[in-house]
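Undergrad: Take this structure, written in structure tokens, and hold onto it; I'll ask about it next.
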Amino acid sequence: MTDTGDVPVIDLNADLAEHDSWTDDDAALLDHVTSASLACGFHAGNREVMRAAAEACAERGVVIGAHVSYRDREGFGRRNLDVTPVQLAADIVEQWEALTAEAHASGAVVSYVKPHGALYNRMAVDTETAGVIVDALSSRCQVLVSPPASAADRSARAVGFRLVSEGYCDRGYDRRGHLVPRDHDRALVDDPGTAGAQARSLAIERGVTSVDGRWVALEVETLCVHGDRPGADRRARAVHAALTEAGVTVRSFVDRSDG
């Protein structure tokens, strides 16, 4: 989170373009967020959906990011695959180039990268994987969205990447500040009001209560609402409203003078 004087400022992002076609639900979600991480075809989506999503983002002034992943459509990118560093780097570049081509055709640009699923989780703890991601995109992008205190910190800063720490409005946290596994009975936050309360906690109190009732301090600059689950637009609307009602300015991290 960034403070502008006494006013907290935070980005609200969504993971989108994860269906086989662009949907009204996706478009509705864009009305409440300031950035969108678009699937690049490896875990979900396709070139047609990328183009439609990029056009919709451009129309609304929503900042676009590349949601790169392992090549794993069957597992929705949530399986930790054994991929060589050379292949992983090539896959990341292929995804970046596919999305940037569709975005440029829509008059938009891709401003950041955010790994998806298992790749995101692995980057957070594995310096080799983090280094591969950073090195693969260092000549193409300078902004990386990652969990707080990620293993990507050192390699990213070494080449001048800006790291943007992310929190989640619609997921449960454990006492270490990690997302609990999806098979945990409190892994998902479905209620819009609860998602809004968690967003306020992360933005203003700079932390969240874990699923076992412990306080976890987390410094984040962006909050995510997953777009692949039913009711995502209602949660995003509730989160945006909760933040603004609490005096938080919702604005993309790309638009800030500190970035």
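Undergrad: If only one of Ala66, Ala17 is on the phi > 0 side of the Ramachandran plot, under 15 Å from the mean Cα position of the chain (by Cα), hydrophobic (A, V, I, L, M, F, W, C) and buried (at least 19 other Cβ atoms within 10 Å of the Cβ), which one is it?
TA: Just a single option satisfies the conditions, and that option is Ala17.
Undergrad: Moving to a separate point now. Within segment 4-38, restricting attention to residues that are farther than 19 Å from Ala238 by Cβ and assigned to a strand (DSSP E or B), which residue is modelled with the lowest pLDDT?
TA: The residue in question is Thr4.
Undergrad: Output the residues belonging to segment 243-255 that are of a type outside the set (Phe, Trp, Tyr) and open to solvent by less than 10 Å² (accessible area, probe 1.4 Å).
TA: If the condition is that a residue be of a type outside the set (Phe, Trp, Tyr) and open to solvent by less than 10 Å² (accessible area, probe 1.4 Å), then Leu243, Val248, Ser252 are the ones that fit.
Undergrad: Then there's this: Of all the residues that make up segment 72-81, how many are over 15 Å from Lys114 (Cα atoms) and open to solvent by 80 Å² or more (accessible area, probe 1.4 Å)?
TA: 4
Undergrad: Restricting attention to segment 69-89, and to residues there that are hydroxyl-bearing (Ser, Thr, Tyr) and over 15 Å from the mean Cα position of the chain (by Cα), which single residue is nearest to Gly227 (Cα to Cα)?
TA: It comes out as Tyr70.
Undergrad: Related question: Out of Val125, Val113, Val109, Val86, which single residue is closer than 19 Å to Ala14 by Cβ and open to solvent by 60 Å² or more (accessible area, probe 1.4 Å)?
TA: None of the other options fit; the residue is Val109.
Undergrad: Keeping to segment 32-59, report how many residues are surrounded by fewer than 24 Cβ atoms within 10 Å (Cβ to Cβ) and without any contact (Cβ under 8 Å) to a residue 40 or more places away in the chain.
TA: Going through segment 32-59 one residue at a time, the tally reaches 6.
Undergrad: Out of Val125, Val189, I need the residue that is at pLDDT below 95 and out of contact with any strand residue (DSSP E or B) (no Cβ under 8 Å at 6 or more places or on another chain). Which one? Talk me through it step by step, then tell me what you get.
TA: On the way: Val189 fails: out of contact with any strand residue (DSSP E or B) (no Cβ under 8 Å at 6 or more places or on another chain).
Just a single option satisfies the conditions, and that option is Val125.
The values are calculated or read from the model by the stated rules, or taken from the named source; none is laboratory data. Everything quoted here is computed from the prediction, not taken from an experiment. Here the Cβ is made from the backbone with ideal geometry for all residues, glycine too, and neighbour counts use every protein chain on show. Accessible surface is based on the protein model in full, side chains and every heavy atom, while ligands, DNA and RNA are left aside. Shrake-Rupley method; radii C 1.70, N 1.55, O 1.52, S 1.80 Å.
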